Structure formats: structure tokens, C-alpha cells
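J.: Next up is a structure, given as C-alpha cells.
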Amino acid sequence: MNKLITTVMVAIMVLALIAVPASAADKVEIRSTVLTGAGTLDATNFAGFYYDLDDNLSTETLTINAISTRTIEADDLEYNSSIESVGFASANLPGTYNIMGLFAEKYVPLTATSPDKLSKLLLDEDEKYTLRTGTALELSNGYAITAKQIDVEGNKVWMEFTKDGDFIEDEILDLAIASPQVWTFETEVADEDDIVVMKVAVTNVFQGQVDSLAIIDGVFLMDYENVLEIETDDTFDKLEVATVGSDYLLMTNPDAMTLTRDKEISLAEGMSFKVADDAALRFYLMKEFTEPGTYEVRGEVVTGAQTWTAANFAGFYYDLDDNLSTESLTINAISTRTIEADDLEYNTSIDSVGFASANLPGTYNIMGLFAEKYVPLTATSPDKLSKLLLDEDEKYTLRTGTALELSNGYAITAKQIDVEGNKVWMEFTKDGDFIEDEILDLAIASPQVWTFETDVADEDDIVVMKVAVTNVFQGQVDSLAIIDGVFLMDYENVLEIETDDAFDKLEVATVGSDYLLMTNPNTMTLTRDKEISIGEGMSFKVADDAALRFYPFVEVTIEDDGVTQPDEPVDETPVDETPVDETPVDETPVDETPVDETPVDEPEAPVDEEPAEPSPGFEIVFAVAGLLAVAYLVRRN
């Protein structure tokens, strides 16, 4: 009997192993204003470029001097960035440091006279942290600050600086002398002497009967162990260094570049042009971020009354192929930093847009709402909205029995493929529970589109899911279905909107025939050095300056398991719970992640080149039966 149990357990373990899905990294895309020809992009019209609001400072520009029949000739594209001096984010850290944007990332030049040696800026922040002795404030890239001990009188704190747990330096700070105490760590970097690589401000210490605490309010850190050294003729993807100036870098394109329709044209270091799928040339510059962290997507910087649309606020919904947007935010007047009641107007309307995949014909209703995409259940009223979870043209190879995890617990599974290799039995589930299934016959035509309709919030026959199957394969080892095109909305959670509903600082003034209008029922003050919430994760950020200067923004966070909207920021975070460069977020992934495959951007590899892993599909039944038969024979013997 023991042998039988062992054999069955081995079979179960094998099945468990081959059913484990693979995950894919998520990303955040920040875009510029849309171009139709030659033009210049800087921090005012590309939110990806480095910009310091308090000092009204930016360093990067990208200029296209000419475009001829979609072609940018050699040296007609110029990328320029210069060295500037900027103050630390925390008032507890006096002085300035050198800064330079490079491909929409922040770098610290080791000297003010040449950008030939650059170290990535990891942190410059004014967040407050309460640090228990013996616990580490995790910074970034493995760096950490630890409050080792506090003296018995509660005045001094022994601090330690480490990298990946290895000691770098320590210091004793005496707050009896003055508060705050700033610990500055200098070292030699790339043959440059006495480079300030870390600063931390300790504002208070506490020696209690139970806990010993140190309060940190201000951290600066650069990745001084990894220095980017730049010389003339160095290449960065499509760009080449033309000049390493006394305080600037100039790069150009050594080869001609064609802005091909419906393509992403890589420039350098995650920066690309995205071109519309349209006969008319239309494109924008974008920066793609994939590293975990919180990213700010901002609108145009202004000093008074203004209107923001998708053209000058990258957070708003925009469809490049259809040149379509729906949202606007207008400040009619500002008096002494105050927006009077009803002088702030947020407006969004219903529009019709084509599906992202060419395999999904037709259109659907769309409406941006606080920089998120929603599907109105009818074209005649925005009073019932369902969040758009997916509209994509990624390609996935799905083994029978495995699930393509979508979002919010929804999944598509290729249950079985018939013996002739023409039909596939598909199943749609939510949190593992059956919703619907369908048999698609690709012998009739390819692709086959499965459209699932249901009643939603008293509205009949709403299309809530579409999936395009372009091919099926029945092999001796694997049975595969190719999916290329998925549409999905969160139809189980409908946002119903009525007049006078409140969304943070905004209130619904009108639910129109195809639009929503919201205004501020109360006055709003644009207080210096503050973030002023508007509604549903959208806020104004105001400069720490006597002169009024501000912009709207939203934040998106990349977690290891997905992209989510962050919670409200906090003033104090227990160090052993939250690292410096991350904000705690809801852990539900927003973007889709294929379970068993990485999305294929390039032309699909032949099906028989897929990894020949056993598939937990229909053929597994025979495998288990075989194992049980062997067990039975072993038992008899």
C-alpha cells in the first residue's frame, strides 16, 4: 500500500509542477504631447523628462529638425542635456548638488565641469521615518541605514551605512548639540575625490522603557558604485554622443530613422517613438519604466488659470491610433492661490473606439475617468461605468489545461483541442469559478472570435469579453491554442453615478446624455509645497516657492507582481515594514500577466519550437491512469 501511495503522490506532484504558471514584468508608459512632424520636446510637453518643480528646473530637450516622408535623416534628431545645480528635497539637508537628466532618468555628475562621469540618483526625499534601534531603513539597490544604538541619556544615536548587509561607514550623531543632525558620507568615486554620495538628516531621538527610536527626515543617495563614463562617439541604441561639452551632452542619430506606421521606434534606454496606425503621421515620445517603484505622471506646469487635456497631461486617457481623448480639467480663475467654488471643472465624455487587436473587429464605448479607462454600458449615458481591464493585441501560446490569467481573477482556459486539430474548447472563469464556455472551429475561418455577452446592472446583452483565437495545434506531446487579441471589462463591479455624487474634492454637477461634468463645491487653496487632492488619485502638486507654480498628476506603482494605484501617502512609515523607494499599495495586479508564456511582440515562432513541457490537459488523464496501473502491478507483485 505504501508503494501505491508513493506512486500516486509522485503523480500529483508532477501535475502540480507542470501547472505552475510563469509571470511577466509590468511596465509604466509616460508619453509626450503628440507630434505630426518636426518639433521640440522638453519637460513642459514630455512628463518623462527630468523636472524640479520647486526650482523650476529641467535639463533635457529632444529636437526633430525635419521629417521627410516619415524619415528622420541622419543628424536631424538632436538630444541635449545639461548640468544644473539643485537644492535637496528636504529642508533639513542644506546646500545644493549637481543634477542632469539622461534619457528621462536622474543622474548626478561627479563634477560641475563635465558630464563624462555620471552616477544615478537613487533618492532625494523629505519623507519622515521612525527607526527603531537595530532595524534598517532599506533605501535602494541594497543600501540601508541602521540606527545601531541610542545612548542612555537619549541624545546620541549610532548610525551605520551598509550595502547588501556589508559595512560601509558609521557615525555617532549628537542631537544635544543641535537638531537636526546631518550625516554626510563622502568617498572617492571614479578617481574623483571627496564626492558626497549619501546624506541623512536625524531630527530626533528617543530612549524609552520599551523602544529606542530615531527620527529620520531627509535622505539623499546616489549609486556611486556604478558610474556611467561617457566619451565622444559612444552609442546609446539609435543615438551617438556628438559632443561631451563643459556642462552638457549632445547626441544625434548617425543613421536615418523611419517612423513606420503602427510601430515603436526605439531611441535609447527605454525611450521610444510610438507611431499611430494611421495613414497620417502621428506619433509621440514615450519612456517605458519596468523597475518596481512609484512613478509620477504629470501635466503641464502652470502659474494660473489653465485647461489640461490629453495633449498636455499624459495621465489622461488617449488613443493614438484613433487620435481620441475624452477628459479635460479647467481652472477658470485663481485669486491669491485660491480656486473659488465651481471654478474648477472636470469634464469627460463618451466616445467610440476600435479594439486594439485587428483580430477583434468593431468598436466599443470608452470614457476616461480620473486618468483611468472605463466602458459606459450605453452610448447614451455615463451613469453606469465598468472599468476596462484589457484591450490588447499581445500574442499568447496557451497549452490545453492551462489558464491565461487576465486581471481581477478572470481567466481564459483552453480546455481541450479535438483530435483533428481544428476545434478548441475554451472556458471563461472568475476566481476559478465557471462563467461560460465555447467551442471555436478554426476549420471554418481563422481567427475565431469568442464574444461573451451578459446582463449588467439591468442593461441587456452587454459585451464584456472578447478573445480571438488565431490558430490551434494538436501534437504528439502538446496541444496548443494561439490567442491574439483580448478585450475584458470588470462587469461585476459597476460604478453607478448620479448628480451630486462626490469624488473627493469634486461633485457631479451634470450627468449629461454622453458626458459628465464635475465641479468643486468648496474653495481650494493651492498651498505652497503641498499636494492638493482633486479626486480618485488625481492631485495638484504645488512648488515650494513664493511664486505660484503647480501641475496636476497621478501616480502609478510597479510592484513585483503588477501595476496598482498607490494608497494615500503617509508621514511616518515603520522602517521594518516599508522601504524608502516604495509606497504600500493594494496588491491586486492591474495589468494582465500570461500564465504560461511571455507575450510575443515579434512574429510568432513556429508552434513546434515551443518548449515541450508536459501539459496538464486532456492527455494527462492517460498519464495518471498509466501511473496508477503501474502502481497496481507493483502492489500485486
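Bear in mind that the values in this text are calculations on the coordinates, not laboratory data. This structure is a prediction, so every number in the text was calculated from the model and none was measured. Virtual Cβ from ideal backbone geometry, glycine too; neighbours counted across all protein chains shown.
J.: Working out 0.36 nm times the residue gap between Asp500 and Thr330, then minus their Cα-Cα distance, what length gain in nm do you get to one decimal?
T.: Taking Asp500 through Thr330 to full extension adds about 59.3 nm, to one decimal.
J.: To the nearest 0.05, what FRET efficiency results for Leu57 and Thr510 with a Förster distance of 41 Å applied to their C-beta separation?
T.: E(calc), rounded to 0.05, equals 0.55.
J.: Which residues does a label at Glu269 reach in segment 177-215, if reach means a backbone N under 18 Å from a point 7 Å past the Cα toward the Cβ?
T.: Hits in segment 177-215 for Glu269 at 18 Å: 190.
J.: Asn422 to Asp460: extension gain in nm, 0.36 nm per residue of separation minus the Cα-Cα distance?
T.: Working it through step by step, the gained length comes to 10.4 nm.
J.: Classify segment 21-80: rounded, prolate or oblate, from the alpha-carbon gyration tensor (a ≥ b ≥ c, eigenvalue square roots; a/c under 1.5 rounded; otherwise prolate if a/b is larger than b/c)?
T.: Because a/c hits 1.5 or more and a/b fails to exceed b/c, segment 21-80 counts as oblate.
J.: While we're here: Under 13 Å from the Cβ of Ile72, count the other residues' Cβ atoms, weight Lys and Arg +1, Asp and Glu -1, and hand me the total.
T.: Once all neighbours under 13 Å are counted, the net charge is -3.
J.: Between segment 388-432 and segment 305-381, what is the C-alpha centre distance in whole Å?
T.: Using only Cα atoms, the two centres lie 32 Å from each other.
J.: Among rounded, prolate and oblate, which fits segment 423-476 when a ≥ b ≥ c are the square roots of the eigenvalues of its C-alpha gyration tensor, a/c under 1.5 means rounded, and a/b larger than b/c means prolate?
T.: Oblate, since a/c reaches 1.5 and b/c is not below a/b.
J.: Right, next: Straight-line reach only, C-alpha to C-alpha below 22 angstrom: list the lysines that Lys423 could link to, leaving out same-chain residues fewer than 8 apart.
T.: The qualifying lysines are Lys395, Lys415, Lys466.
J.: For an R0 of 60 angstrom, estimate the FRET efficiency from the Cβ-Cβ distance between Thr451 and Lys530 and round to the nearest 0.05.
T.: My answer for the efficiency is 0.80.
J.: Can you compute the FRET efficiency between Ser179 and Asp544 using 1/(1 + (r/R0)^6), with r the Cβ-Cβ distance and R0 = 30 Å? Round to the nearest 0.05.
T.: 0.90
J.: Expressed in nm to one decimal, what extension gain is obtained for the pair Thr258 and Glu188 from 0.36 nm per residue of sequence separation less their Cα-Cα distance?
T.: Gain on stretching Thr258 to Glu188: 20.8 nm.
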